[in-house]
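These notes concern the structure reproduced below.
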């Protein structure tokens with residue numbers, strides 16, 4: 001189905017009440033549930049499910065085989081790799097209805113999550129953080145952090161371009177790709193504007 005503003009492959013299902021922004025592309029076998037909000041210029045790969053009340057910002061890319069459950073928010077320019085797993089209940093039981101106890105998960109602007117990572121609910125991933133493939137996120141992640149492993153551990157810092165930042169010389173580092181300058185202060189990284 002092609003609307004005037006976005007594309008949906010004929011094998012996908014968009015429930016009434018879902019909102020989809022201009023120039024978004026929804027590919028094969030996806031399901032977007034009622035009440036979901038998807039921004040502009042997004043891409044949903046094959047077999048993506050977006051649950052009710054999920055909010056997805058502009059410019060988000062979700063690769064194949066990902067379910068975005070209620071309680072998850074993806075801000076602008078987030079990248080979700082293939083087969084990433086989100087959760088929304090810490091102690092699920094098939095015989096107990098805990099829909100009123102969904103935990104919130106926030107993936108902040110520009111963050112990227114690698115293939116097959118698992119994101120436990122109730123945590124926030126900071127702006128431009130980079131979660132490595134297969135990592136298991138068990139707690140909040142700082143902005144610009146580079147995280148790997150199970151359970152995850154921080155192994156460095158990255159720029160908005162995803163390049164590793166070298167703070168070995170002092171409290172400042174330059175992105176080798178963009179030339180942007182970053183400052184490390186109190187174990188937090190931020191863009192430095194002169």
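What follows draws every value from the coordinates through simple rules; no lab data is involved. Not measured: the values here are computed from a predicted model. Note that each Cβ is placed from the backbone with ideal geometry, even for glycine, and that neighbours are counted across all protein chains shown.
As a rough footprinting exposure proxy, the listed residues 72, 8 were ranked by other beta carbons within 10 Å of their own, and the order from fewest upward is 8, 72. Measuring nothing but how far apart in sequence close Cα pairs (under 8 Å, 6+ apart) lie, relative to its length, segment 10-59 scores a relative contact order of 36 percent. Computing log10 I(q)/I(0) by the Debye sum over Cα atoms at q = 0.08, 0.15 Å⁻¹ directly from the structure and comparing it against [x] -0.44, -0.97; [y] -0.28, -1.03; [z] -0.28, -0.89 singles out [z]. Contact order, relative form, for the chain: 10 percent (alpha carbon pairs under 8 Å, 6 or more residues apart, mean separation divided by residue count).
Per residue, the average separation of C-alpha pairs within less than 8 Å and at least 6 apart gives segment 56-126 a relative contact order of 35 percent. Here residue 28 and residue 166 are evaluated by their C-beta separation; at R0 = 25 Å the FRET efficiency comes out at 0.05.
Size of segment 70-175: Rg and Dmax of its alpha carbons, in Å, are 14.8, 56. Cα centroids of segment 146-194 and segment 99-137: 19 Å apart.
Approximating the spin labels as points 7 Å out from Cα along Cα→Cβ, the residue 13-to-residue 193 distance works out to 4.6 nm.
Looking at segment 1-146 alone, DSSP beta bridges between its own residues are antiparallel in about 5 percent of cases.
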